[in-house]
1. Using alpha carbons only, how many degrees (0 to 90, rounded to 10) separate the axis of helix 3-26 from the longest principal axis of the chain?
2. Note the count of lysine pairs whose C-alpha atoms are less than 28 angstrom apart in the chain, limited to pairs 8 or more residues apart or on different chains.
3. Once R0 is set to 30 Å, what does the formula 1/(1 + (r/R0)^6) return for the Cβ-Cβ distance between Gln48 and Met9, expressed as a FRET efficiency to the nearest 0.05?
4. In what sequence do Ile5, Ile19 fall when counting other Cβ within 10 Å, fewest first?
5. Roughly what would the spin-label model give for Gln23 and Ala88, points 7 Å off Cα along C-beta, in nm?
6. Of the GluC sites (Glu not before Pro) in segment 1-65, which ones lie in a loop per DSSP and count no more than 12 other C-beta atoms within 10 Å?
7. List, in order, the whole-Hz ³J(HN,Hα) value for each residue of segment 45-50 obtained from phi through the Karplus relation with A = 6.51, B = -1.76, C = 1.60 and θ = phi - 60°; use x for Gly and Pro.
8. Give me Rg/Rg_expected for segment 3-94, where Rg uses Cα atoms only and Rg_expected = 2.2 N^0.38 Å with N residues.
Amino acid sequence: MNKNIKDLMKNLQKVQKKIEEVQDELSEMTVEGTAGGGMVKVLVNGKQEVLEVSIDPEVANPDDVEMLEDLIVAAMNSALQKCSEMVAGEMSKVAGGLPIPPGMF
């Protein structure tokens, strides 16, 4: 193998190791999505795992379950969007500022 290919392989291994480290770190990082002025909150980690759902008792009206369902969906979508942005930001640091397409990691 010529020197350029060896250097390239070495660099790729370093980047792969750094990506694995960042993925581990992301499992410890969290974001919160909210809806209804904070009456419904969803906590998600960097691996897009839901850690916690918090619902203010005021919105738990048995006569309007549909509104509560809508608030939960909105809070989940908010949390997942923030999570995607956080992951993309962390991964772009590894890639030297190059944009990383969503869902790549």
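1. 20
2. Pairs that pass both the separation and distance tests number 24.
3. On the way: r = 31 Å, r/R0 = 1.04.
Computed FRET efficiency for Gln48 and Met9: 0.45.
4. Working: Ile5 9, Ile19 17.
Taking fewest neighbouring Cβ atoms as first place, the list is Ile5, Ile19.
5. 2.0
6. Qualifying residues, ordered by number: Glu28, Glu49.
7. Result, ordered by residue: 8, x, 9, 6, 9, 6 Hz.
8. Ratio of Rg to 2.2 N^0.38 Å for segment 3-94: 1.55.
A short reminder: the numbers here are calculations on the coordinates, not readings from a lab. All of these numbers come straight from a predicted model, not from anything done at the bench. Every residue, glycine among them, receives a Cβ derived from its backbone with ideal geometry; neighbour counts consider all protein chains shown.
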